[in-house]
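Novice: For reference, the structure I am asking about is given below.
The values are calculated or read from the model by the stated rules, or taken from the named source; none is laboratory data. These numbers come from a predicted model, not from an experiment. With ideal geometry, Cβ positions are generated from the backbone for all residues, glycine too; neighbour counts draw on all protein chains shown.
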Amino acid sequence: MLTMSTYSLAAAALLALPLLAACSAAERPARAPAGTHARTPTAAELDAVDATHDGVTLNPYHAIVRGKVLRAFRGLTAHDPAPALATMADDVHYTFEGEGHALAGTRVTRAGVEKWFGRLFRLLPGAFVIRSVEVTGFPWSTRVVTTFAHEVTPPHEPSYLGEGVQIVELSWGQAKTIRTYVDTDRLVRTLDAMAAEGVAEAKAAPILE
């Protein structure tokens, strides 16, 4: 006998099919934003990106979204923003918490986010480690909460491990709003030290386009 949960899983599977096709079509060779260089992560770094212990979801749509999140952070570890950008709507609103620092503010276009990623890679290169990925909701209204660590290796400054949380609201596989929360005090201290060493971009105005 089919239960309501069985019907829900079957419906989710059907709804997930076009998203899976779009995900495959979006994959393309790695590229770094203008002014940056692709980073070649070690095999250990790529293996370490997925440090989650969330278990296996029986919801195929949630599984696809989870896979796209992990793929995006593997790309960011390699300084390739393409997988992350492929999940975003053209008019995505991407907010990085804090005020006044070079990475702060809200981007309101995918092109603006791509420029922001370029600045992130130049100022705070490093590898990401994903602690957890929680996906809730339906294809037309989905929330993803990701906890992560960023093993930051800034130029001219000591490396450090920054913990963060990212909250993404999606509709039909496209991110509409993204908010990222990190230890902004540590980040600002690092940027200030870099500016004192002559890194002008560390004191640049936020990218808000």
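Novice: Conditions: (1) modelled with pLDDT of 95 or more; (2) outside any strand (DSSP E or B); (3) surrounded by 15 or more Cβ atoms within 10 Å (Cβ to Cβ). Pro154 meets all but one. Number of the miss?
Specialist: All conditions pass for Pro154, except number (1).
Novice: Here is a further query. From the set of residues in segment 61-88 that are within 10 Å of the chain's Cα centre (by Cα) and assigned to a loop (DSSP other than H, G, I, E, B), which is surrounded by the most Cβ atoms within 10 Å (Cβ to Cβ)?
Specialist: Pro81
Novice: Which condition breaks for Ala175 when tested against (1) modelled with pLDDT under 95; (2) assigned to a strand (DSSP E or B)?
Specialist: Tallying (1) modelled with pLDDT under 95; (2) assigned to a strand (DSSP E or B), Ala175 fails exactly one: (1).
Novice: If you go through segment 89-96 one residue at a time, do you hit one that is surrounded by fewer than 16 Cβ atoms within 10 Å (Cβ to Cβ) and either modelled with pLDDT under 95 or not aliphatic (A, V, I, L, M) (or both)? Outline the logic, then answer.
Specialist: Looking only at segment 89-96, we keep the residues that are surrounded by fewer than 16 Cβ atoms within 10 Å (Cβ to Cβ), and these are 90-91.
Remaining after also requiring either modelled with pLDDT under 95 or not aliphatic (A, V, I, L, M) (or both): 90-91.
Yes, the conditions are met somewhere in segment 89-96.
Novice: Right, something else. Quick check on Lys115: is it basic (Lys, Arg), assigned to a strand (DSSP E or B) and either closer than 18 Å to His79 by Cβ or at pLDDT 95 or above (or both)?
Specialist: Working: basic (Lys, Arg): yes; assigned to a strand (DSSP E or B): no; either closer than 18 Å to His79 by Cβ or at pLDDT 95 or above (or both): yes.
The answer is no for Lys115.
Novice: A further question on this structure: In segment 127-151, what residues are of a type in the set (A, V, I, L, M, F, W, C) and part of a strand (DSSP E or B)?
Specialist: First, the residues of segment 127-151 that are of a type in the set (A, V, I, L, M, F, W, C): 127-130, 133, 135, 138, 140, 144-145, 148-149.
Across segment 127-151, the qualifying residues are Ala127, Phe128, Val129, Ile130, Val133, Val135, Phe138, Val144, Val145, Phe148, Ala149.
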